[in-house]
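S.K.: This is the structure I have questions about; it appears just below.
The values are calculated or read from the model by the stated rules, or taken from the named source; none is laboratory data. Everything numeric in this text was worked out from a predicted model, so none of it was measured. With ideal geometry, Cβ positions are generated from the backbone for all residues, glycine too; neighbour counts draw on all protein chains shown.
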Amino acid sequence: MVGAGMKNWKLSQAEKKRDPMLQQPRSLLDQESKENFVCLLEHNARHFGAKPAMVWDGGEISWAEMDQRASGFAQSLAQQGVGAGDRIATLLPNHWTFAVALLGILKLGATAATLHPTLKPEELAEVMADLQPRLLVENVTADKGVWNTPRFSASPALIVYTSGSTGRPKGSVFSHDAFTFANRAWGGPVMGIKADDVVLGVLPFAHNYGMNAGLLAPLLFGASVVIVEHFTPEAILESIKKHRVTVFPGVATMFRRLLNSPEFPNADMSSLRLAVSGAAPCPWELCQEWHEKTGTRILRGYGMTEVPRPISYFSDDPTDFPDAIGRPIPEATVKVVDHDGQPLEYGEVGELWINCPGATSGYFNAAEETEAVLADGWFKTGDLATVSPNGFVRIMGRKKERILRGGYSVFPPEVERVLLSHPAVAEAAVMGIPSPDLNEEVAAFVVLKHAVQASAEELIRFCEEHLAHYKFPRRVTILDELPRSAIGKVFKAELLKGHCAENATRQPERGAEVNISGTNIAPR
């Protein structure tokens, strides 16, 4: 998308004029964003006072009380000897205590490391050994207090650890500037949050997506957050109805489970104006079904722990393409490069690099890993993509997940899209497995829709009808569910371990002929 005589792609001034927030001469990263992030929420607490900041089944907390409890927690930390620059780990669920602890840590000028409470003991031990925090917070009291927050903080705001799906967990470090930018982008051009919105907080707050889209961005824009600690279709449908939820950040598996719920046809979704998808790809067919049955849109986008939502569709722009994941948000820039880091032309496949003020400043205690992904302000995503002349990004697959079958390149998302277009398929994951003849063979793992049947043979035939001969999978495994992280990412490494399982699979022997749709076809 960037070649000779071309510029890196970003929103034009004309396109920015559509959104009043973007007409300001200042960028999203203005003078206020140089402050300690929590100062912005303290301002909201003074402005909104008694208005509910967070509500949940059986309780609520006002803006004023949330701020007072956060100040009380900052006092408690100070009494334990914690000071500015210290690292404080939290191990808290989706609960008011998570927000109070995070804000209290920031008030103190310390750095918060938000860990997921479902971490296994050995996983927690590995992270703690890397982080070496001053304290691990597992409980928060309701004590109130008064705290004079320093306006500026030289310490990082946040450290968020990756899920570990690509190896050893790494802590992504975020400055207050980056933290503020990310949440302003989420709440502004992406979700279009207003003070009268009610946002569902069911995604794990310990991860960037849930923390930003489900908690902090709504609070930054004065909205109320409905906290749901554990996802069930029944709990979500009841919360939307009871609290008149207007914005629902979720993941594709949540939307699918809701659509499959026997309670869904009679659910009251009339308050909902927008659903938002992230963490893992959301199939276009799912977006269409959701829109048909709810009248609302699933807003898709792209991001990762290290670069929260730099590419997205926007709430005020109805443009949507089935195979694209959006355009760069304001102030973000993207380019696609070859193996040598040289920019490629529009439509050519290469590695996606992103320059965004909301990106991580690096991995904690990991200089080599940081150097491998950051270059002159560009974050190397490791994803293969194309970019159109008007800036829409299409993800072709992971650089490391590209399947090399007999000299041909096969990109898993393309095969997954075909599988997901089959009326029986709810979820799909595609990867390469070792092949003695072809280097790699294409394998697919699928989950079927509720009360719908399809055989592995049928799905293989379907793919062959819609894909080039070198692309369609020769092995399909039907599972009850795909292994996923807490934020919905598929653990393909777990699937790879079991790729030799024979249940519901068909992999022809070398040289054999297989009858597909009544035609004898030799394996290629």
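S.K.: Considering only residues that are aliphatic (A, V, I, L, M) and crowded, with 19+ Cβ neighbours inside 10 Å, look in the range 143-161 and name the one that is farthest from residue 87 (Cα to Cα). Spell out how you get there, then give the answer.
M.R.: Of the range 143-161, the ones aliphatic (A, V, I, L, M) are 146, 154, 157-160.
From the residues that got through so far, the ones that are crowded, with 19+ Cβ neighbours inside 10 Å too are 157-160.
On the way: 157: 10, 158: 9, 159: 9, 160: 12 Å.
So the residue we want is 160.
S.K.: Which one of 308, 318 is more than 11 Å from residue 393 (Cβ to Cβ), assigned to a strand (DSSP E or B) and of a type outside the set (S, T, N, Q)?
M.R.: Among 308, 318, only 308 is more than 11 Å from residue 393 (Cβ to Cβ), assigned to a strand (DSSP E or B) and of a type outside the set (S, T, N, Q).
S.K.: Tell me, which residue of the range 44-61 that is in contact with a strand residue (DSSP E or B) (Cβ under 9 Å, 6 or more places away or on another chain) and not in a strand (DSSP E or B) is surrounded by the fewest Cβ atoms within 10 Å (Cβ to Cβ)?
M.R.: 50
S.K.: For the range 431-477, what are the residues that are among the charged types (D, E, K, R), out of contact with any Ser or Thr (no Cβ under 7 Å at 6 or more places or on another chain) and assigned to a helix (DSSP H, G or I)? Break it down stepwise before answering.
M.R.: Residues of the range 431-477 that are among the charged types (D, E, K, R), as a first pass: 437, 440-441, 449, 457-458, 461, 464-465, 471, 474-475.
Still in the list and also out of contact with any Ser or Thr (no Cβ under 7 Å at 6 or more places or on another chain): 437, 440, 449, 457-458, 464-465, 471, 474.
Across the range 431-477, the qualifying residues are 457, 458, 464, 465.
S.K.: How about the range 393-427: which of its residues are in a loop (DSSP other than H, G, I, E, B) and in contact with a Gly (Cβ under 7 Å, 6 or more places away or on another chain)?
M.R.: 399, 400, 411, listed by residue number.
S.K.: Could you tell me whether the range 291-300 includes any residue that is out of contact with any Asp or Glu (no Cβ under 6 Å at 6 or more places or on another chain), of a type in the set (Asp, Glu) and in contact (Cβ under 8 Å) with a residue 24 or more places away in the chain? Give the steps one after another, and end with the answer.
M.R.: So the first thing to find is which residues in the range 291-300 are out of contact with any Asp or Glu (no Cβ under 6 Å at 6 or more places or on another chain), and the list is 291-300.
Imposing the further condition that a residue be of a type in the set (Asp, Glu) reduces the set to 292.
Going one step further and asking which of them are in contact (Cβ under 8 Å) with a residue 24 or more places away in the chain, we end up with none.
Taking every residue of the range 291-300 in turn, none turns out to be out of contact with any Asp or Glu (no Cβ under 6 Å at 6 or more places or on another chain), of a type in the set (Asp, Glu) and in contact (Cβ under 8 Å) with a residue 24 or more places away in the chain.
S.K.: Take the range 437-451 and flag every residue that is touching a residue at least 24 places away in the same chain (Cβ under 8 Å) and either surrounded by fewer than 16 Cβ atoms within 10 Å (Cβ to Cβ) or of a type in the set (D, E, K, R) (or both).
M.R.: Passing the criteria: 437, 439, 440, 441, 449, 450.
S.K.: Another one. Of all residues being touching a strand residue (DSSP E or B) at 6+ places or on another chain (Cβ under 7 Å) and at pLDDT below 95 in the range 173-206, which is farthest from residue 488 (Cα to Cα)? Just the residue, please.
M.R.: Across the range 173-206, the extreme among qualifying residues is 206.
Yes or no, residue by residue, for (1) among the β-branched types (Val, Ile, Thr); (2) at pLDDT 95 or above; (3) farther than 21 Å from residue 76 by Cβ:
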site: 92; (1), (2), (3): no, yes, no
site: 96; (1), (2), (3): no, yes, no
site: 104; (1), (2), (3): no, yes, no
site: 107; (1), (2), (3): no, yes, no
site: 112; (1), (2), (3): no, yes, no
site: 117; (1), (2), (3): no, no, no
site: 125; (1), (2), (3): no, no, yes
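S.K.: Taking only pairs six or more apart or across chains, which ones have beta-carbon atoms under 6 Å, a first residue in the range 406-425 that is free of Cβ contacts under 8 Å to residues at least 24 places away in the same chain, and a second residue that is part of a helix (DSSP H, G or I) and surrounded by fewer than 21 Cβ atoms within 10 Å (Cβ to Cβ)?
M.R.: As it stands, the answer is none, since no pair meets every condition given.
S.K.: Same structure again: Scan the range 124-139 residue by residue and report those that are surrounded by 16 or more Cβ atoms within 10 Å (Cβ to Cβ) and under 27 Å from the mean Cα position of the chain (by Cα). Quick ask: steps written out before the conclusion?
M.R.: Restricting attention to the range 124-139, the residues satisfying the condition of being surrounded by 16 or more Cβ atoms within 10 Å (Cβ to Cβ) are 124, 126-128, 130-131, 133-135, 137.
124, 126, 127, 128, 130, 131, 133, 137, listed by residue number.
S.K.: Check off (1) in contact with a Lys or Arg (Cβ under 8 Å, 6 or more places away or on another chain); (2) of a type in the set (Phe, Trp, Tyr); (3) under 30 Å from residue 233 (Cβ atoms) for residue 462 and give me the number that stays unchecked.
M.R.: (1)
So that you can scan it fast, the table gives a plain yes or no per residue for (1) over 30 Å from residue 317 (Cα atoms); (2) surrounded by fewer than 24 Cβ atoms within 10 Å (Cβ to Cβ); (3) among the small types (Gly, Ala, Ser):
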site: 105; (1), (2), (3): yes, no, no
site: 141; (1), (2), (3): yes, yes, no
site: 170; (1), (2), (3): yes, no, no
site: 188; (1), (2), (3): no, yes, yes
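S.K.: Looking at (1) over 25 Å from residue 485 (Cα atoms); (2) of a type in the set (Phe, Trp, Tyr); (3) surrounded by 22 or more Cβ atoms within 10 Å (Cβ to Cβ), can you tell me which one residue 179 breaks?
M.R.: (1)
S.K.: If you check 455, 421, which single one turns out to be among the polar types (S, T, N, Q), within 23 Å of residue 279 (Cα to Cα) and modelled with pLDDT of 80 or more?
M.R.: Result of the check over 455, 421: 421.
S.K.: Now for a separate question. Would you confirm whether or not the range 108-120 contains a residue that is part of a loop (DSSP other than H, G, I, E, B), under 21 Å from residue 210 (Cβ atoms) and in contact with a helix residue (DSSP H, G or I) (Cβ under 6 Å, 6 or more places away or on another chain)?
M.R.: No.
S.K.: Taking residue 78 as the residue in question, decide whether it is over 18 Å from residue 219 (Cα atoms) and of a type outside the set (D, E, K, R).
M.R.: yes
S.K.: Separate question: Where residues in the range 260-288 are in contact (Cβ under 8 Å) with a residue 24 or more places away in the chain and over 21 Å from the mean Cα position of the chain (by Cα), which of them is nearest to residue 230 (Cα to Cα)?
M.R.: Within the range 260-288, the match that is nearest to residue 230 (Cα to Cα) is 261.
S.K.: Only one residue in 445, 411 is at pLDDT below 80 and closer than 30 Å to residue 210 by Cβ, so which one is that?
M.R.: The conditions single out 411.
S.K.: Separate question: Quick one: which of 389, 357, 330 is in the same structural domain as residue 176 (by TED's automatic domain parsing), part of a loop (DSSP other than H, G, I, E, B) and under 25 Å from residue 170 (Cα atoms)? Reasoning before the result, please.
M.R.: Values: 389 fails: under 25 Å from residue 170 (Cα atoms); 330 fails: under 25 Å from residue 170 (Cα atoms).
Going through 389, 357, 330 in turn, the sole match is 357.
S.K.: Do the conditions hold for residue 310, that is, is it in contact (Cβ under 8 Å) with a residue 12 or more places away in the chain, in contact with a Lys or Arg (Cβ under 8 Å, 6 or more places away or on another chain) and surrounded by 15 or more Cβ atoms within 10 Å (Cβ to Cβ)?
M.R.: It is false that residue 310 is in contact (Cβ under 8 Å) with a residue 12 or more places away in the chain, in contact with a Lys or Arg (Cβ under 8 Å, 6 or more places away or on another chain) and surrounded by 15 or more Cβ atoms within 10 Å (Cβ to Cβ).
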